[in-house]
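The values are calculated or read from the model by the stated rules, or taken from the named source; none is laboratory data. These numbers come from a predicted model, not from an experiment. As a convention, Cβ positions derive from the backbone with ideal geometry for all residues, glycine included, and neighbour counts pool all protein chains shown. Side chains included, ligands, DNA and RNA excluded: accessible areas come from the protein's heavy atoms. Shrake-Rupley method; radii C 1.70, N 1.55, O 1.52, S 1.80 Å.
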Amino acid sequence: MPANIVKDEVVLKVDHLKTYFDATKGLFAKKQTVKAVDDVSFEIYKGETFGLVGESGCGKSTLGRTIVKIYEPTAGSIEINGRDIAGIKGDELKSFRKDIQYIFQDPYASLDPRMTVGEIIKEPMKIHGIYKTEEEMDARVSQLLRTVGLKPDHIRRYPHEFSGGQRQRISIARTLALDPKFIICDEPISALDVSIQAQIINLLEQIQRELDISYLFIAHDLSMVKHISHRIAVMYLGQIVELGESHEVYTNPMHPYSQALLSAVPVPDPVKGKEKERIMLQGELPSPIDPPSGCPFRTRCPYAMERCAGERPQMKMYGSRQVACFKVEEENS
Amino acid sequence: MEQNEILKVNGLTVDFATEQGTVHAVRDISFAVREGEILGVVGESGSGKSVSMYSVMGLLADNGTVTAEKIEFDGQSINASDYDGKRSYEKTMQSVRGNTMSMIFQDPMTFLNPTITIGKQLTEPILNHTKLTKGQARARAVELMTLVGIPSPETRLDQYPFEFSGGMRQRIIIAMALAMSPKLIIADEPTTALDVTIQAQVLDLIKELSKKMGSAVIMITHDLGVVASLCDRINIMYGGKIVETGTDKEIFYTPNHPYTKGLLACIKNPEENDKDLVPIPGSPPDLLKPPAGCPFVDRCESAMKICKLKMPPETVFSDTHKSACWLNDARAEKGVNAHAR
Ligand SMILES: Nc1ncnc2c1ncn2[C@@H]1O[C@H](COP(=O)(O)OP(=O)(O)O)[C@@H](O)[C@H]1O
Ligand SMILES: Nc1ncnc2c1ncn2[C@@H]1O[C@H](COP(=O)(O)OP(=O)(O)O)[C@@H](O)[C@H]1O
Ligand code: SF4
Ligand code: SF4
Ligand SMILES: [Mg+2]
Ligand SMILES: [Mg+2]
């Protein structure tokens, strides 16, 4: 069950953010740009889980990585607790690196196989010098292992001795080592078995309730995202096309792309699953190097009109929902 | 072999020799596939789903050995002596398999050669297995590409795999699998790497083609949504065993085995936002030393003393529904399975 959130306390504010990559092939080739994140704005509250969904390549990881300063934004701003992160340096950067953590999808690749579990969890503590003695660190590691449902005597074991779910627990323990305020979970359960996914989701929720952490939860499994998130944003070709309360978006998507995406989710029921009507999208996802003019979805949208090619629809409010679509605009005016 | 069974497997066991010892990957499983049906195989990763089907296809890693009481495909039986050594088994399987069994893998690139055009890769097997001329084979390839929904097939035949998206490549693999109108298609997680919108298209394609060509399909997946929307019958695997088998409705509406119930509970709750998920605690057994009794015993809330000691026998609920769990024994203390929904 998602924890209660404090709506007036904004932890993260992303404003008109753009992250472009240079994709030019050779010295004399024409300049090409991948518009991986293209003018995205949203806020995340304290203690909130903000779900981000969309097809692979739509820019979810790039957005997450720009927020943790792995990538430089091309334009726009990112504020953490009211502070613009663009110019931060020195001690401030260090405390920023401590407050914001990133959990990767692959619990196999993200843990160094030559290090013991203890060393893996201690590494960030050492970098940030938060504990003076080994004993203090050991005590904290034991506590963290217990928090994530492992045993303190696992401290001397190596990653290969653990299953996928247990490894993801180890990376969560490492993430928690610095008492972060904000964690970006980039498809943290995609590589895990269904029976183990539920364990990790429960763990993330329990940690959130206890520590008041906010999550940006990136995933492509829509039913799990819906379960864990307070709000959901749907991304398409670098843009957020719909944003709203998770239950509302899931049960009543308004943007034609969200509708298609949700109709494609297979229902785990033999009768409903076989009867479910799907909105089949025509064509392929366009390249982010040469995105369509106007609405990014117009090449596959069953409702595309002339206007959709000419101008880009802006996010507009409908109750608690934001949607960027001319059809929705016309129907609600 | 019953009349309409295309594949019948009895007592299949697969072991792998490793540095750490013998991995007992598949332990004495029996199942059948009927003509034209879609059979789902669901289970924890490492439970033996892929290995059991690969050995039926005669595709086995070098360190593997197969034993079985009986494997019958399309009325042809494989003799006990054929299991002696990997080479003779593979040879036998390949001749039995012929053109009538095909496979679709999770990663299409394991099957596609990146340096050869799609057209050549599609027409080669047609030329090898039929008397068609080059021109006729190409026409057949165009037909197959159209069938799997690839636009402008004429021009796309001359392109290389990298010029296609993941979803399109998977369609090409399906086109290749269909080239010989197989009686059985084994699909191993064919949509796991795809986005849901593309997955929906590929699943519809498999369903439609199986209907049109009458091919049976074995669909290996860990996605219960996928099995529910595609499969007629389902085998649930755990720790190298089939722990429960039934029709789609029997498995989803009247599951018997605690592992099946646990799996369903894991995916049922996300639908209800305000409830905590009910995960299955623990992790799967080590197949180097699988438990003597029920493979699920370490994670089962209802486990009794007997479960650790002896493999539970199969209880038959209907022609199609069977489950191997000691709770179905008349001697099981009533109330132990109180957690069953
Ligand atoms: N470092 C990079 N350099 C160039 N292009 C990139 C880089 N990272 C991602 N991209 C491109 O940006 C787009 C968005 O990628 P990504 O953010 O990984 O999407 P998602 O996480 O939604 O699957 C893709 O077209 C991808 O190829
Ligand atoms: N060539 C091999 N050598 C040793 N062990 C293997 C080999 N191939 C598969 N296994 C083991 O056999 C078990 C079953 O594997 P598999 O059938 O691939 O599982 P899944 O149900 O995920 O498809 C696993 O424990 C796996 O590690
Ligand atoms: S703006 Fe036009 S093309 Fe875009 S989603 Fe709405 S109707 Fe479709
Ligand atoms: S046999 Fe025993 S351990 Fe196995 S599923 Fe049944 S009750 Fe649980
Ligand atoms: Mg990503
Ligand atoms: Mg497998």
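Given the criteria closer than 25 Å to B:ASP298 by Cβ, open to solvent by 20 Å² or more (accessible area, probe 1.4 Å) and more than 16 Å from ligand 6 (Cβ to nearest atom), does A:ARG167 qualify? Break it down stepwise before answering.
Working: closer than 25 Å to B:ASP298 by Cβ: yes; open to solvent by 20 Å² or more (accessible area, probe 1.4 Å): yes; more than 16 Å from ligand 6 (Cβ to nearest atom): yes.
So A:ARG167 passes the test.
If you go through the range B:219-235 one residue at a time, do you hit one that is touching a Phe, Trp or Tyr at 6+ places or on another chain (Cβ under 7 Å), in contact (Cβ under 8 Å) with a residue 60 or more places away in the chain and assigned by TED's automatic domain parsing to the domain that holds B:ALA32?
Yes, some residue in the range B:219-235 is touching a Phe, Trp or Tyr at 6+ places or on another chain (Cβ under 7 Å), in contact (Cβ under 8 Å) with a residue 60 or more places away in the chain and assigned by TED's automatic domain parsing to the domain that holds B:ALA32.
Could you go through the range B:72-83 and let me know if any residue there is of a type in the set (Asp, Glu) and farther than 24 Å from B:PRO182 by Cα.
no
At pLDDT below 95 and either under 24 Å from the mean Cα position of the chain (by Cα) or of a type in the set (Val, Ile, Thr) (or both): is that true of B:LEU277 in this structure?
Here the answer is no, as B:LEU277 does not meet what is asked.
Output the qualifying pairs, or none if there are none: Cβ atoms under 8 angstrom, residues six or more apart or on different chains, first residue in the range B:106-120 and more than 14 Å from every other protein chain (Cβ to nearest Cβ), second residue part of a loop (DSSP other than H, G, I, E, B) and within 16 Å of ligand 2 (Cβ to nearest atom).
B:ASP107/B:ALA193; B:PHE111/B:PHE105
Do we find that A:PRO291 is touching a residue at least 24 places away in the same chain (Cβ under 8 Å) and open to solvent by 20 Å² or more (accessible area, probe 1.4 Å) in this structure?
yes
Among the residues of the range B:254-274, count how many are modelled with pLDDT of 90 or more and out of contact with any Asp or Glu (no Cβ under 9 Å at 6 or more places or on another chain).
Quick first cut of the range B:254-274, residues modelled with pLDDT of 90 or more only: B:254-264.
Add one more test, that the residue is out of contact with any Asp or Glu (no Cβ under 9 Å at 6 or more places or on another chain), and what stays is B:254, B:261, B:264.
Residues that pass the stated criteria total 3.
Every residue in the range B:143-159 that is within 29 Å of the chain's Cα centre (by Cα) and surrounded by 15 or more Cβ atoms within 10 Å (Cβ to Cβ), please.
B:LEU144, B:MET145, B:LEU147, B:VAL148, B:GLY149, B:ILE150
Could you tell me how many of the residues in the range B:8-53 are free of Cβ contacts under 8 Å to residues at least 40 places away in the same chain and within 16 Å of ligand 6 (Cβ to nearest atom)?
Final tally of qualifying residues: 1.
Hey, among the residues in the range B:46-80 that are among the hydroxyl-bearing types (Ser, Thr, Tyr) and crowded, with 17+ Cβ neighbours inside 10 Å, which one's nearest to the chain's Cα centre (by Cα)?
Of the range B:46-80, the ones among the hydroxyl-bearing types (Ser, Thr, Tyr) are B:47, B:50, B:52, B:54-55, B:65, B:67, B:77.
Next, from what is left, pick out any that are crowded, with 17+ Cβ neighbours inside 10 Å: B:47, B:50, B:52, B:54-55, B:65.
On the way: B:SER47: 11, B:SER50: 6, B:SER52: 8, B:TYR54: 9, B:SER55: 11, B:THR65: 19 Å.
Ranking the candidates gives B:SER50 first.
From the residues in the range B:192-218 that are polar (S, T, N, Q) and without any contact (Cβ under 8 Å) to a residue 40 or more places away in the chain, which one is nearest to ligand 4 (Cβ to nearest atom)? Give the derivation first.
First pass over the range B:192-218, keeping only residues polar (S, T, N, Q): B:192, B:197, B:199, B:201, B:210, B:215.
From what is left, the residues that are without any contact (Cβ under 8 Å) to a residue 40 or more places away in the chain are B:197, B:199.
Working: B:THR197: 37, B:GLN199: 31 Å.
Across the range B:192-218, the extreme among qualifying residues is B:GLN199.
Between A:GLU55, A:GLU79, which is of a type in the set (Asp, Glu) and within 14 Å of ligand 1 (Cβ to nearest atom)?
Every option except A:GLU55 fails the conditions.
Rundown of residues vs (1) farther than 29 Å from B:VAL51 by Cβ; (2) within 14 Å of chain A (Cβ to nearest Cβ), yes/no style:
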position: B:ILE150; (1), (2): yes, yes
position: B:PRO161; (1), (2): no, no
position: B:GLY166; (1), (2): no, yes
position: B:MET176; (1), (2): no, no
position: B:LYS183; (1), (2): no, no
position: B:ILE198; (1), (2): no, yes
position: B:VAL202; (1), (2): no, yes
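With the checklist (1) within 14 Å of chain B (Cβ to nearest Cβ); (2) buried (at least 23 other Cβ atoms within 10 Å of the Cβ); (3) away from ligand 5 (no atom under 13 Å from the Cβ) in hand, flag the one item A:ILE207 doesn't pass.
With (1) within 14 Å of chain B (Cβ to nearest Cβ); (2) buried (at least 23 other Cβ atoms within 10 Å of the Cβ); (3) away from ligand 5 (no atom under 13 Å from the Cβ) applied to A:ILE207, the lone miss is (2).
Quick one: in the range B:186-216, of everything that is more than 16 Å from ligand 6 (Cβ to nearest atom) and under 12 Å from B:ILE104 (Cα atoms), which residue is surrounded by the most Cβ atoms within 10 Å (Cβ to Cβ)?
Here the residue is B:ILE206.
Would you pick out the residues in the range A:258-288 that are closer than 18 Å to A:LYS327 by Cα and either out of contact with any Ser or Thr (no Cβ under 7 Å at 6 or more places or on another chain) or open to solvent by 20 Å² or more (accessible area, probe 1.4 Å) (or both)?
Step one: filter the range A:258-288 for residues closer than 18 Å to A:LYS327 by Cα, giving A:258-261, A:279, A:281.
Once the filter is applied, which keeps residues that are closer than 18 Å to A:LYS327 by Cα and either out of contact with any Ser or Thr (no Cβ under 7 Å at 6 or more places or on another chain) or open to solvent by 20 Å² or more (accessible area, probe 1.4 Å) (or both), the range A:258-288 yields A:SER258, A:GLN259, A:ILE279.
Output the residues belonging to the range B:280-323 that are of a type in the set (Val, Ile, Thr) and surrounded by fewer than 17 Cβ atoms within 10 Å (Cβ to Cβ).
Within the range B:280-323, B:ILE306, B:VAL316, B:THR320 qualify.
Name the residue, out of A:GLY51, A:GLY90, A:GLY47, A:GLY26, that is within 23 Å of A:TYR257 (Cβ to Cβ) and more than 16 Å from ligand 4 (Cβ to nearest atom).
Among A:GLY51, A:GLY90, A:GLY47, A:GLY26, only A:GLY51 is within 23 Å of A:TYR257 (Cβ to Cβ) and more than 16 Å from ligand 4 (Cβ to nearest atom).
Can you tell me how many residues in the range A:170-202 are crowded, with 20+ Cβ neighbours inside 10 Å and at the interface with another protein chain (Cβ under 9 Å from one of its Cβ atoms)?
10
Which fully enclosed strands (runs of 3 or more DSSP E) of the range A:1-110 have 2 or more residues being within 14 Å of another protein chain (Cβ to nearest Cβ)?
So the answer is A:49-53.
Considering only residues that are under 18 Å from B:ARG233 (Cβ atoms) and touching a helix residue (DSSP H, G or I) at 6+ places or on another chain (Cβ under 7 Å), which ones fall in the range B:8-35?
Correct list: B:VAL9, B:LEU12, B:ILE29.
If we keep just the residues of the range A:53-72 that are open to solvent by 50 Å² or more (accessible area, probe 1.4 Å) and either more than 16 Å from ligand 5 (Cβ to nearest atom) or out of contact with any strand residue (DSSP E or B) (no Cβ under 9 Å at 6 or more places or on another chain) (or both), which is farthest from A:SER41 (Cα to Cα)?
Step by step, filter the range A:53-72, then rank; the result is A:SER56.
Would you check which residues across the range B:177-197 are more than 30 Å from B:LEU127 (Cβ to Cβ) and assigned to a helix (DSSP H, G or I) and list them?
Passing the criteria: B:VAL196, B:THR197.
If I ask for residues that are at pLDDT below 90, closer than 21 Å to A:LYS226 by Cβ and at the interface with chain B (Cβ under 7 Å from one of its Cβ atoms), which ones from the range A:268-289 would you list?
Those that are at pLDDT below 90, closer than 21 Å to A:LYS226 by Cβ and at the interface with chain B (Cβ under 7 Å from one of its Cβ atoms): A:LYS276, A:ARG278, A:LEU281.
Anything in the range A:109-135 that is surrounded by 15 or more Cβ atoms within 10 Å (Cβ to Cβ) and either at pLDDT 90 or above or not β-branched (Val, Ile, Thr) (or both)? List them, or say none.
Answer for the range A:109-135, where residues must be surrounded by 15 or more Cβ atoms within 10 Å (Cβ to Cβ) and either at pLDDT 90 or above or not β-branched (Val, Ile, Thr) (or both): A:SER110, A:LEU111, A:THR116, A:VAL117, A:GLY118, A:GLU119, A:ILE120, A:ILE121, A:LYS122, A:PRO124, A:MET125, A:TYR131.
In the range B:224-234, how many residues are surrounded by fewer than 24 Cβ atoms within 10 Å (Cβ to Cβ) and more than 7 Å from chain A (Cβ to nearest Cβ)?
Final tally of qualifying residues: 2.
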